[in-house]
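Down below is the structure, laid out as structure tokens.
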Amino acid sequence: MQKQLLVFFLALGAGLSLHGQIGGQYTYSFLTLSPSARISALGGSMIAVSDDDVNLAYANPSLLNADMHQQIGFSHGFLPAGIQYGYAAYGQHLPKIKATLHGGVQYVRYGDLEARNELNEVEGSFKAAEYAIVAGIGYQAYDRLTLGANLKFITSNLASYTSNALATDLAAAYNDTSGRTTVSIVFKNIGSQLSSYRPDNREALPFEVQLGFSRRLRYLPFRFSVIYQHLQRWNITYDDPNTKEEDPFFFGENPPSESEAAVFFDNLFRHFIFNGEFLLGKKENLRLRIGYNHLMRKELSLDNFRSLSGFTFGAGIKINRFRIDYGRTNYHLGGGLNHLSIATNLKEFKRG
């Protein structure tokens, strides 16, 4: 067992040497989309909650557990400009080896796009779509420690251009003795392209390291989580050249720059996602959710207009054998994401 743990964490450490890329400097950005409505409602990331939701394994395979046995889920998201994406997943527990498996398919379809020449003349139309086939395992290494790994085959078709890649996620999750606290770490999208859109232009995958913490309160049906994203890179601010323009209120001079402390704390909080989930009812059949992603708000909000950019919310309800979830992500004044999910457990149908 110790040898298995050593090999696992050596692999995790190797991921730290990879160069973190954000802000459009990588390909296959659809891999960073939330796989389910529940996760969308919680700020776009949920890596430190272990229950029967098989969709959680997409972002953190170490959350796989016996409660996900024969759990199946379907999700579909509606993005602006007619872009649609979704995720389907299934879980299977193997008690003999203390492991749980899952498989899933993620897709995004960009619809029919106009093909134009250098003179901006329409010459026809083309389609664009991307897919990721995911398979993973979660292994109960110790009573409180679970290790997990995902393998992803990625394919992208953009008009006449195609690309394929392989990626893996490595993760670990620890649950305390009370069962109310979970801490996890995830190394996402470690891999490279097998074939690129152009033979001489290999692009990076959206590699990222995340830390997660969740705590369920003892006397209140509420669970909160804090996720630290982009651990592999400290400075994730964007130096917008438009903000350097002269402001007329300062008589032709540039406005005073932010203090070093303000810049530090702005960059610090861009790493955090905060969310909470109310678990209502005797069997927690009703769930209300809210989240806040500071990085999303800073990058997508407008200076002169108020908006809910970065705020997310949603709800879930269980009706008979089915759990139905809705999530709303407010990206920008121009539009956001509406996300729907439905899940059930095949064991419930066998019981009649």
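Values for this structure:
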| read-out | value |
| --- | --- |
| FRET efficiency, ALA115 to PHE153 (Cβ-Cβ, R0 30 Å, nearest 0.05) | 0.60 |
| Pairwise label distance in nanometres, ALA66 with GLU203, each label 7 Å out on the Cα-Cβ vector | 4.4 nm |
| Within the chain, longest stretch free of exposed GluC sites (Glu not before Pro) [DSSP loop, at most 12 other beta carbons within 10 Å] | 122-244 |
| Fully extended contour minus Cα-Cα distance, from ILE342 to PHE224, at 0.36 nm per residue | 40.2 nm |
| Estimated inter-spin distance, LEU194 and TYR161, nm [label 7 Å along Cα→Cβ] | 2.0 nm |
| Linear extension gain, PHE278 paired with PHE78, 0.36 nm per residue minus alpha-carbon span | 69.5 nm |
| Two-decimal Rg to Rh for the chain - Kirkwood Rh, Cα set | 0.99 |
| Cα-based helix-to-principal-axis angle, 2-15 vs the chain, degrees rounded to 10 | 10 degrees |
| Degrees between helix 260-270 axis and first principal axis of the chain (Cα, 0 to 90, nearest 10) | 50 degrees |
| Carbon plus sulfur fraction of accessible area for the range 99-210, probe 1.4 Å, in percent | 56 percent |
| Inter-probe distance in nm under a simple model that places probes 7 Å from Cα toward Cβ, at VAL122 and LEU94 | 5.3 nm |
| Whether the range 268-310 is rounded, prolate or oblate, judged on the alpha carbon gyration tensor where a/c under 1.5 counts as rounded | oblate |
| Residue-normalised accessible area of the chain, expressed per residue, 1.4 Å probe, Å² | 53 Å² |
| √(5λ) per eigenvalue of the Cα gyration tensor, the range 27-169, largest first, Å | 35, 15, 11 |
| Cβ-Cβ FRET estimate between GLU260 and ALA135, R0 fixed at 51 Å, reported to 0.05 | 0.65 |
| Cross-link table LYS98/LYS152; LYS152/LYS282; LYS298/LYS318; LYS96/LYS152, entries beyond 31 Å C-alpha to C-alpha | LYS152/LYS282; LYS298/LYS318 |
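The values are calculated or read from the model by the stated rules, or taken from the named source; none is laboratory data. Keep in mind that what you see is a predicted model, and the values were worked out from it rather than measured. When we count neighbours, we look across all protein chains shown, and the Cβ atoms used for this are built from the backbone with ideal geometry, even at glycine. Calculation scope for accessible area: heavy atoms of the full protein, side chains included, ligands and nucleic acids excluded. Shrake-Rupley method; radii C 1.70, N 1.55, O 1.52, S 1.80 Å.
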